[in-house]
Amino acid sequence: MAEKMHKTPSSGASSSNVNVEKDLNSSENSKLLRTTSVETKATTDSKIIEKSFGVRKSEILVKQYDTWTLKGIYFFAIFIAMFVQTMEGTATNVFVGYATNSYKQHSLMTTVGIIKRVIAAASLPAYARLSDIFGRLELFCISLVFRIVGLVIMSQAHDIQRYSGGMVLYSIGSSGGRFLWQINLSDASSLKYRLLAIAILNLPAIINTWASGEIVDSLLERHDWQFGVALWAFTFPLVCIPYLGCSLHMRLKARKTEEWKALCAEEKASAVTLNQKLARYQQELDNGSNKLWVYTKMGFASIFYWTREAALKVDFIGCIIIILMLGLLLVPLTLAGGVRTKWHQASTIVPLVIGFCLIPCFVIWEMKLATNPLIPFPLLRDRGIWAALAMGVLYTFVSNMPNAYAYPVLYVGMNASRVVATRTPLLLHFVCALTLPVIGFVLAKVRRTKPFILFGVMVWYIAMGLFVHFRGDNDGIRGKYFRDGVAVGMCLLGFGQGFFNRLVVVSAQACTNHEYMASVTAMFNAIYQIGGSFGRCVSGAIWTQTMYPTIKKQMEKLGQDSALAEAAYDAPYDFMEDHAWGSTPRVALVLAYAEVQKKLCIVGLCLCVPLLCFGLFLRDHYLSDAQSLEDAEDEENGHQKGEKKGTKMVFTNDNDPIFKMLRKGYQAVKFW
C-alpha cells in the first residue's frame with residue numbers, strides 16, 4: 001500500500017494514538033477486524049508518517065539475502081542485465097540518426113530524444129508509487145512488456161510518427177526498468193556503501209565503450225538500422241532471467257517467514273471494500289450458485305479494486321499534465337526552424353501558449369486538488385532535496401549541450417569512422433564508470449559527499465572549455481586533431497561526472513527515510529530526464545534555427561551552389577558520401593557545424609555557474625552503516641525491519657561545515 005501522510009494540527013500535542021475498528025458482516029463464519037494505529041507528530045523539521053506495505057515488504061525481502069554471497073549473486077544479475085541495456089541504449093541512440101535520415105528528417109533527432117525523455121520523466125513517479133502497491137518485481141515485468149512492444153514498433157516504423165509512437169512505449173519500459181534496479185540496489189545497501197551499490201549501473205560502460213562501436217558498425221554493415229533495433233526485443237528479456245530468478249527466490253524464501261505471513265494478512269485485512277464483496281460472493285458460492293460465475297465476479301472485483309487503488313495512489317492526472325506541459329513547451333522549439341522557419345505559424349505559437357498556461361494549472365493541481373500529489377512538497381522545503389533536484393536538472397542540461405549531436409558532428413564534421421563516432425561520446429561513461437568505484441571506496445571511509453560533488457563540478461568547467469575550442473574551431477582539414485581534443489574533453493567530463501552524478505542521489509536519499517526513498521529517487525530521475533529534455537530542446541532549437549542558414553552562408557562564402565545547403569541539412573549522411581573529406585562543399589558543411597557547436601558549448605559552460613551554486617546548498621549528512629538515517633535511529637531504539645511504526649520524513653541534522661562557513665561569510669558581509 002502506498003504511503004499515507006497524516007496531518008496534525010499546528011498547535012496539537014506532541015503525539016497521539018488513533019485506533020479505528022471496523023466490523024465486517026458477511027457469512028456466519030467470516031468476520032474481519034481491521035485495526036490501524038497511527039502515530040503522528042509535528043516537529044519543526046519533519047513529520048512522522050507510517051510505513052507503507054510495499055516498503056515493509058521490501059525490507060523483509062532484502063533480509064533473505066543477508067550474506068555477501070547471495071548479495072553478490074543478486075548484484076551480478078543486475079549487472080548482466082544492465083550491461084545489455086547499456087549496449088541496447090547506445091545502439092538505439094545511434095540508430096535514431098539513421099532512422100530520421102531515412103525519413104529525410106535528420107534534424108528531428110533531438111525532437112525524438114525530447115519525446116523519449118518527457119515520457120520517461122512522467123512515468124517514474126508512477127513507477128515509484130505502483131512499486132509500493134504491487135511490488136518491485138511485478139512492475140519490472142510490466143516495464144519489460146512496454147520495452148519489447150516499443151522496440152518492435154520502432155523497428156517496423158516507416159515514418160517519423162510511428163517511430164515516435166514506438167519510442168514512447170520503449171521509453172516507459174527502459175526508464176522504469178533502470179529505475180527499479182536503482183531502487184533494488186538502494187534497498188539492499190547501507191548509506192555507507194550506497195555509492196558502490198549504485199555504481200553497478202555504470203560499470204557496464206567500461207566494456208560497452210569499446211564494444212558498442214564494433215557492434216553498431218557490424219549491424220549497419222550486415223543489416224540495417226531496423227534489424228539493429230528489433231534485435232534487442234528478444235535479446236534483453238533473455239539476459240533478465242538471472243535477475244528474475246533471484247527476485248523469485250527471494251520472494252519464495254520470504255513467504256516462509258512469519259513476518260511475511262503476518263504482513264500479507266494485515267495488507268489483506270486493510271482492503272475493507274474488497275473483503276466485503278468477496279465475503280458476499282463466498283456466501284453466494286456456499287448457497288450453491290454457479291462456481292464459474294462467482295469466481296469470475298471475484299476476479300473482476302479484485303482487479304477493479306486494485307486498479308482503483310492504483311488510480312487513487314498514483315496521480316495520473318498529474319502525469320498527463322506533465323507530459324502535455326513539457327511536450328507542448330519543448331517540442332515546438334525544435335520544429336520551428338529548418339529550411340523554412342515556422343515561428344509565425346499557429347502550429348508553433350498555440351502549443352507554446354498552451355504549454356505555458358499548463359504550468360500554473362500543474363502547480364494548483366499538485367498543491368490544492370490532488371489527493372496523492374506526485375511531488376511530496378514537505379520534502380521540497382528542505383535544501384538538501386531542492387538543491388539536489390536543481391543539480392539534477394542542470395547536470396543533464398549541461399551534458400546534453402555538447403552531446404546531443406555528438407555522433408553527426410564526429411562522423412560528418414570530423415571525418416570519424418562509424419566506430420570512432422560511436423565510441424568517442426561513450427568515453428564520458430567509460431571514465432565515469434572507472435571513477436565511481438574508487439570514489440565509492442574512499443567515500444566509505446570519509447562518509448561525507450559534498451566535497452566530492454563540488455570538486456566534480458569544478459572539473460566540468462575545464463571540460464566545457466575544451467569543447468568550446470575543439471568543437472568550435474574546426475577548419476575542415478585537421479580532422480584527427482579536433483577528434484582527439486573532443487576525446488580528451490569527454491574523458492574530463494566523465495571524470496567530473498563520477499564525482500557528483502550518483503553522489504547527488506545519495507546525498508538526497510540521506511535526507512529522508514526508507515518510506516520516501518523511492519519517491520525522492522523517482523523525483524531526481526524524473527528531473528534528470530527533464531533536464532536532458534531541456535538540454536536537447538535548447539541544443540535542438542539552436543541547431544534547427546541556425547544550422548541551415550549557417551550552411552548556406554558557408555556555401556556561398558566558399559563559392560559553392562547554395563542549393564547544396566538543403567541536401568546537406570536534410571540528409572548529411574548521404575551528403576558526405578557524395579562529397580569526400582577535404583572537398584569544398586564538405587569543408588563548408590564542417591565550418592557550419594563548428595560555428596553552431598561553439599554556440600552550444602558556450603551555453604553549457606555558462607550553465608556550470610548555477611550548477612556550482614546549487615552544489616553549495618546541498619546537505620552533507622554523515623553516511624551511516626544503516627540503510628537510512630531512520631534505520632540508524634531504529635537500531636538505537638530497538639526496532640526491527642519490516643515493523644509497522646512511525647518514522648521521520650526529513651533529516652536535517654547534517655552538521656555541514658561548508659554551509660556553516662558560507663553562512664558565516666554571508667553574515668560578515670551583511671554586517672559590514
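Each residue in segment 638-651 was checked for being out of contact with any Lys or Arg (no Cβ under 7 Å at 6 or more places or on another chain) and either closer than 20 Å to V62 by Cβ or modelled with pLDDT of 75 or more (or both), and 3 of them qualify. For segment 153-179, the candidate set comprises residues that are crowded, with 23+ Cβ neighbours inside 10 Å and not hydroxyl-bearing (S, T, Y); within that set, the residue that is nearest to C240 (Cα to Cα) is G177. Among the numbered conditions (1) of a type outside the set (A, V, I, L, M, F, W, C); (2) free of Cβ contacts under 8 Å to residues at least 12 places away in the same chain; (3) surrounded by 15 or more Cβ atoms within 10 Å (Cβ to Cβ), the only one that S247 does not meet is (2). Pairs meeting the criteria (first residue in segment 525-552 and touching a residue at least 60 places away in the same chain (Cβ under 8 Å) and among the small types (G, A, S), second residue buried (at least 24 other Cβ atoms within 10 Å of the Cβ) and not in a helix (DSSP H, G or I), beta carbons under 6 Å, at least 6 apart or on different chains) are S539/A404. Taking segment 507-598 and the helices (runs of 4 or more DSSP H) fully enclosed by it, the elements with 2 or more residues that are among the hydrophobic types (A, V, I, L, M, F, W, C) and assigned by TED's automatic domain parsing to the domain that holds V412 are at 514-557.
Note on segment 275-331: among residues that are of a type in the set (G, A, S) and out of contact with any helix residue (DSSP H, G or I) (no Cβ under 9 Å at 6 or more places or on another chain), the one that is modelled with the highest pLDDT is G299. Checked against (1) under 17 Å from L410 (Cβ atoms); (2) more than 34 Å from the chain's Cα centre (by Cα), Y573 passes all but condition (2).
Against the condition farther than 30 Å from T100 by Cα and surrounded by fewer than 18 Cβ atoms within 10 Å (Cβ to Cβ), how does A265 come out, does it pass? Considered against the rule, which asks whether it is farther than 30 Å from T100 by Cα and surrounded by fewer than 18 Cβ atoms within 10 Å (Cβ to Cβ), A265 comes out as yes. Which one of these is at pLDDT below 85, more than 16 Å from L244 (Cα to Cα) and part of a helix (DSSP H, G or I): L220, L196? It is L220.
Of the helices (runs of 4 or more DSSP H) lying entirely inside segment 352-461, the ones with 3 or more residues being of a type in the set (S, T, Y) are found at 383-403, 418-446.
The values are calculated or read from the model by the stated rules, or taken from the named source; none is laboratory data. On a predicted model such as this, the values are computed, not experimentally measured, just so you know. Neighbour counts are summed over all protein chains in view; Cβ atoms, including those assigned to glycine, are modelled from backbone coordinates with ideal geometry.
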